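Structure record follows, encoded as structure tokens.
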Amino acid sequence: MYVSTIGILLSITTVAFAAEGTATYYTAPYVPSSCYGYQNNGVMIAAASDTIWGNRAACGRMYRVTCTGPTNQGILKPCTRKSVVVKIVDYCPPGCQGTIDLSEEAFAQIANRDAGKIKINYNQV
């Protein structure tokens, strides 16, 4: 009983700290980046919008991103029911269409790329 209660509390706490936003994606090449120049950080990466950028403070932070639904009528069920953890390596400048601009590979893990833009929950891990 005690262990089950702790597990439920941990699950609730995790959900409670997730922020809501939107995600888009960008395509390779992924270097240079605002945070790391020409250093290759793989493909599970993202660019941060002003919402989380914090004047480069977001560089290197890891975020768990989960698709929660569509933002348009094009793809009614874009989500794959998976989450992805990405590293912030770049800046998505003003006019950015999403809270987090995921690499194409990261976006494809959580949603159909044809959706282009999705609703998400995200939290720093």
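Annotations for the structure displayed:
- The range 65-78 - phi-based ³J(HN,Hα) in whole Hz, Karplus 6.51/-1.76/1.60, Gly and Pro as x: 10, 10, 5, 10, x, x, 10, 8, 8, x, 10, 5, 10, x
- Under a model in which nothing but the beta-carbon of Lys, Arg (+1) and Asp, Glu (-1) is charged, the chain shows a dipole of about 260 debye around its Cα centre.
- The dipole here belongs to the range 44-93: it is taken about the Cα centre, uses +1 on the Cβ of Lys and Arg and -1 on the Cβ of Asp and Glu, and is about 260 debye.
- For the chain: rounded, prolate or oblate by the Cα gyration tensor [a/c cutoff 1.5]: oblate
- Taking amide H as placed 1.01 Å from N in the peptide plane, ILE120 has its amide H under 5 Å from the amide H of GLY21, THR22, ALA23, THR68, each at least 5 places away in sequence or on another chain.
- Residue-averaged 222 nm ellipticity for the chain, from DSSP H runs of 4+ at -39500 (n - 2.57), nearest 500: -6000 deg cm²/dmol
- Beta-bridge orientation, the chain: approximately 75 percent antiparallel, per DSSP, counting only bridges with both partners inside.
- By average C-beta atoms within 10 angstrom, highest first, the peptides 45-53, 110-118, 79-87: 45-53, 110-118, 79-87
- Using alpha-carbon coordinates, inclination of helix 2-16 to the longest axis of the chain, degrees: 30
All of the numbers you see were taken from the coordinates with simple rules; none came from a lab. Note that the structure is a prediction, hence the values are computed from the model and not measured. We place every Cβ from the backbone using ideal geometry, glycine too, and count neighbours over all the protein chains shown.
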